[in-house]
Amino acid sequence: MKRILIDTDIGVDDALAVLFALKSPELLVEAITTVSGNVHVEQCTRNLRITLGCMNLEELPLISQGEEAPLTMPLVTSAHVHGSDGLGGISGDLAPDGTRLYPELECPLSPISAVDTITDLVNRYPDELILVPVGPLTNIAKAMLNSPAVMRRVREIVLMGGVFEIYGNVTTQAEFNIYADPQAAQVVFNFGVPITMMPLDVTHQVVLTRERLDAEANRRNTRLIQFLRDSTQACMVYHQEREGVKGLYMHDPLAIGYLLQPDYFDVVDAYVQVETLGDLTQGRTVGNLRAQRASRAPNARVCVEVDAERFLRFFFDCVVS
Ligand code: RIB
Ligand code: CA
């Protein structure tokens with residue numbers, strides 16, 4: 001059993017990661033915290049409630065809202081990829097009787113901020129709690145800056161973010177989660193707790209296609225599968241039109257997949273730094289993944305390969321079950 005906290009800018013692939021984690025008996029999701037990224041944090045919290053509302057959960061994780069804006073940079077979002085509501089526009093979908101097809105679950109929102117929720121739970125579970133940030137690292141960095149002694153007791157950070165040997169997805173140099181708050185990412189990578197990274201180099205190896213989703217729906221057409229089909233539609237169209245990719249990348253679900261099946265992944269140790277000053281290279285993660293001997297003591301384990309088909313089969317066996 002792994003005890004985790006998911007920090008998310010819940011957009012389309014984040015929602016798949018949240019479903020995946022909550023359907024996995026091997027993971028104990030203590031809390032889900034939201035942060036501005038794909039869309040503004042208030043919409044992220046609404047999206048989290050919509051996602052939870054599709055699951056008929058007996059027990060809910062603590063949910064807590066986080067930072068509206070990056071540490072110093074102006075907020076940038078990726079609504080053009082995830083839809084104006086961050087979930088492919090489904091928040092406005094109506095059932096034949098005129099009611100919302102995907103209503104928000106009326107679950108309590110913690111009165112405590114995401115940053116304080118993170119430090120409180122690390123304090124409660126020292127050397128045990130694993131943080132799984134799948135959006136900009138603003139909440140995590142603020143927790144480190146506010147409570148460094150407590151945050152040193154984080155067991156591990158498994159994050160989706162960064163890019164090394166392929167083009168970025170915001171600029172050619174940078175991946176969105178790091179680009180959106182490079183100062184926060186620099187704090188996290190310099191802090192000294194164990195980090196495992198899922199950069200675009202590995203997440204681009206796993207594409208969820210419409211055909212695969214339809215095939216899984218034929219296996220068992222559950223409400224969850226319908227949510228997956230509806231919420232991913234716009235994102236898939238975006239990738240097809242913009243990148244010629246017939247589907248969407250499983251960015252954030254891979255972070256959950258690593259926690260559950262680390263043997264599906266090849267990992268290298270590297271010393272990773274974040275560019276915060278470059279006009280053209282803001283948010284670039286810099287590290288040599290091919291060094292025989294790292295120039296400095298590694299500060300991260302970087303996932304560079306994944307068995308995509310084994311991962312997708314495991315994901316659907318878990319989510320469709
Ligand atoms: O670059 C991909 C990442 O940015 C994913 O986490 C996606 O949800 C967006 O946050
Ligand atoms: Ca995300």
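β-branched (Val, Ile, Thr), under 19 Å from the mean Cα position of the chain (by Cα) and open to solvent by 20 Å² or more (accessible area, probe 1.4 Å): is that true of Val267 in this structure? Criteria met by Val267. Checking each residue in region 123-135 for being under 17 Å from Ala300 (Cα atoms) and either within 13 Å of the chain's Cα centre (by Cα) or crowded, with 24+ Cβ neighbours inside 10 Å (or both) picks out Leu131, Val132, Pro133, Val134.
Here is a yes/no grid of residues against (1) among the polar types (S, T, N, Q); (2) within 29 Å of Phe314 (Cβ to Cβ):
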{"position": "Val18", "(1), (2)": "no, yes"}
{"position": "Thr33", "(1), (2)": "yes, yes"}
{"position": "His40", "(1), (2)": "no, no"}
{"position": "Arg49", "(1), (2)": "no, yes"}
{"position": "Met55", "(1), (2)": "no, yes"}
{"position": "Glu59", "(1), (2)": "no, yes"}
{"position": "Ala79", "(1), (2)": "no, no"}
{"position": "Gly83", "(1), (2)": "no, yes"}
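Looking across region 149-174, the residues that are more than 16 Å from ligand 1 (Cβ to nearest atom) and either basic (Lys, Arg) or in contact (Cβ under 8 Å) with a residue 24 or more places away in the chain (or both) come down to Val150, Met151, Arg152, Arg153, Val154, Arg155, Glu156. Where helices (runs of 4 or more DSSP H) fall wholly inside region 140-206, the ranges with 2 or more residues that are open to solvent by 10 Å² or more (accessible area, probe 1.4 Å) and within 16 Å of ligand 2 (Cβ to nearest atom) are 176-180. Pro111 falls short on exactly one of the conditions (1) assigned to a helix (DSSP H, G or I); (2) free of Cβ contacts under 8 Å to residues at least 60 places away in the same chain; (3) over 18 Å from the mean Cα position of the chain (by Cα), and that condition is (1). If I filter region 17-31 for residues that are within 11 Å of ligand 2 (Cβ to nearest atom) and either modelled with pLDDT of 95 or more or more than 11 Å from the chain's Cα centre (by Cα) (or both), do I get at least one hit? Among the residues of region 17-31, at least one is within 11 Å of ligand 2 (Cβ to nearest atom) and either modelled with pLDDT of 95 or more or more than 11 Å from the chain's Cα centre (by Cα) (or both), which makes the answer yes.
The values are calculated or read from the model by the stated rules, or taken from the named source; none is laboratory data. This is a predicted model, so every value here is computed, not measured. No Cβ is skipped: glycine too gets one built from the backbone with ideal geometry, and neighbour counts run over all protein chains shown. Keep in mind that these areas ignore ligands, DNA and RNA; they rest on the heavy atoms of the full protein, side chains included. Shrake-Rupley method; radii C 1.70, N 1.55, O 1.52, S 1.80 Å.
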